[in-house]
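These notes are about the structure you will find just below.
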Amino acid sequence: MRLNSVGQIALVAAAIAYLLGVYFASSPVWMGFTINALIVAVIALSWNITGGFGGLSSFGHAAMYGTGAYASAILQVKFGLNAWIGFGAGILAGAAMGAFIGALAFRYGLRGSYFALVTLAFAEVLRICASSFEFTGGGSGLQLTLAPGIGNLQINDRTVVYTALLIVVAAVMALTALIKFSRFGAYLIAVRENEDAARALGIDTYKIKVQAMAISGAFGGLAGVLYLQLWLFIDSTVVYGSAVSVEALIGPIIGGAGTVWGPLLGTLGLHLLGEGAKHLLPNAPGLNFVLYAIVLICALRFLPQGLVGLAGRVGPFKKKENDNA
Amino acid sequence: MLEVRNLSKSFGGLKAVTDANLDVPEGSIVGLLGPNGAGKTTCFTMIAGFTKADVGTVRFRGQDITGLPPHRICELGMIRTFQIVQPFAGLTVQENIAVGAYLHHHDRRDAMSVSREVGKRLGMGAMLDRPASSLTIAGRKRLELARALATGAKLLLLDEVMAGLIPSEITEIVGIIRQIRDEGHTFLMIEHVMQAVMSLAETAYVLNQGKMIAHGPPRELVKDPSVVEAYLGHGAAARLQEGSHA
């Protein structure tokens, strides 16, 4: 989480000010909107592990998100297990799905757009399966029994939900920072930068990539479970739909892939933009997606390192002189 | 330290390497020469585990490592560098070297201090915080060497580290390689720059069309008719002989 320019500090400060400001705005609309954005931020952080650090651009992170949500929902609805067990199981299921997709895709050396296509295919196959089988609720989805209480992980108080989500996002970001500055993170970045050189330096690139998919899958599963516990209802389109996969990758790319703050900043920024567009032009539903596309194209063209990279160019701190120069 | 026996590889109908034998004694610098397309790099990729040999064995410190994946071979202490340098462009020089150091130093602080120390040893102290993408070719070649050293490898396979360097840079890197050797490392190097091979290598092998055609001290190899012909074409040796008599 090393911030090394005035711009980056300003950007992060603005985001924190906004997130704290939501407490004082006493507007349920804003809070509800930000709660949604925070859940998307978790799946964005999930994508960031593989797509940002590992350069493994997935186009199907819905596979992990949906698997987490479905695993928890099935355990609760069909087996009557407690929501907390479902919570843990959802994270594990997401990790397992990530590792499975990774193991299969990397076994055959898929990378770049081929990897993106395979992940997309996985998410779509899972979506179709989930809408066909009886134990996933088929086309009508799964509905949790309403039973408010912390024991059932169903919280009515929006402020508490919001606070809990802030803590979760902060924890995932802390884990991201931990990964970034660890041996594993360095290996993952090495794989992104140059896989052959990484192999020569003693890195088992296959293992690193599958592990990254598992970690990313755990975060993705977590996001899915959070969604489930918030809305108490899921169906195949909502959690396995490609909209989830797009949201997962667009935030980090706009915010700054492979950075700790990028996914959150990008997701918040985009959601604010989309929401603003909805209010300014209420007669044009879906316009926010057009805006997303325009912003994404601009970001890809002009901001290779996203908002964080852009802010990094504003008032950079002077690098400390080399002690051995 | 390294024993290569009957190593062969063909790509379709093309026999890239046939029955190659090679020995690298501990503490030595051994050259691997040959005209373009002779199979030198293929030899390297097989020894380092990047491609599987069709036939033959590779033994490193007495252990059979044939067919092991590159990362296992690297853990055992043998590493290759690339002819086309492959820095991790998005990382700083020190972070680049640290990727190598992480192999045996799992803690970030240890790895970073090892990489700083290796960087300084190779005269890169002033560049440690610069992005690797900003290095010149000579700098990148040094970085390639530093990263390999940081893994703690004892045997380094260098694939044309001198290619593309100007003479003064070559002199520098020759000095560095000699210094590293004196610290207890062993080298097997593919090299085209004869000045470097002559001054560094005790022995050299010459590969032509996938076959080892000669082996001995470099000074004698350049007089070997079969070597001269491999480079200059059939009959060249005889014509040179005539020329020198005339």
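No value in this document is a laboratory result; all are computed from the given coordinates. From a predicted model like this one, the values you see are computed outputs, not experimental measurements. Positions of Cβ are generated from backbone atoms using ideal geometry, with glycine treated the same way; all protein chains shown enter the neighbour counts.
Odds and ends about this structure:
- Spatially proximal aspartates and glutamates relative to B:Lys223 (Cα-Cα < 18 Å; intrachain offsets below 8 disregarded): B:Glu191, B:Glu202, B:Glu242
- Per residue of the protein assembly as shown, the DSSP helices (runs of n ≥ 4 H) give a summed -39500 (n - 2.57) that works out to -18500 deg cm²/dmol at 222 nm.
- Divided by 2.2 N^0.38 Å, where N counts the residues, the Cα radius of gyration of the protein assembly as shown comes to 1.17.
- Centroid-to-centroid separation of segment A:177-217 and segment A:21-49 [C-alpha atoms, Å]: 30 Å
- Estimated FRET transfer efficiency (A:Lys78, B:Ser134; beta-carbon r; R0 60 Å; 0.05): 0.55
- Dividing the alpha-carbon radius of gyration of chain A by the rule-of-thumb value 2.2 N^0.38 Å gives 1.00.
- Förster radius 30 Å - calculated FRET efficiency between A:Ser113 and B:Thr57, Cβ distance, rounded to 0.05: 0.15
- Inter-label distance for B:Ser226 and A:Lys278, nm, one decimal - labels placed 7 Å from Cα along Cα-to-Cβ: 7.9 nm
- Residues considered: B:Ala148, B:Ala20, B:Ala204. Largest GNM mean-square fluctuation over chain B, using C-alpha springs under 10 Å, is found at B:Ala20.
- For B:Lys120, the lysines whose Cα falls under 16 Å of its own Cα, not counting residues fewer than eight places away in the same chain, are B:Lys141.
- Over 28 Å between alpha carbons, listed pairs A:Lys207/B:Lys52; A:Lys78/A:Lys278; A:Lys207/B:Lys15; A:Lys207/B:Lys211; A:Lys180/B:Lys52: A:Lys78/A:Lys278; A:Lys207/B:Lys15; A:Lys207/B:Lys211; A:Lys180/B:Lys52
- Test item: Cα-centred dipole of the protein assembly as shown, Lys/Arg +1 and Asp/Glu -1 on Cβ, debye: 440 debye
- Tensor-based shape of segment A:24-165 (alpha-carbon gyration tensor, a/c under 1.5 rounded, otherwise prolate or oblate): oblate
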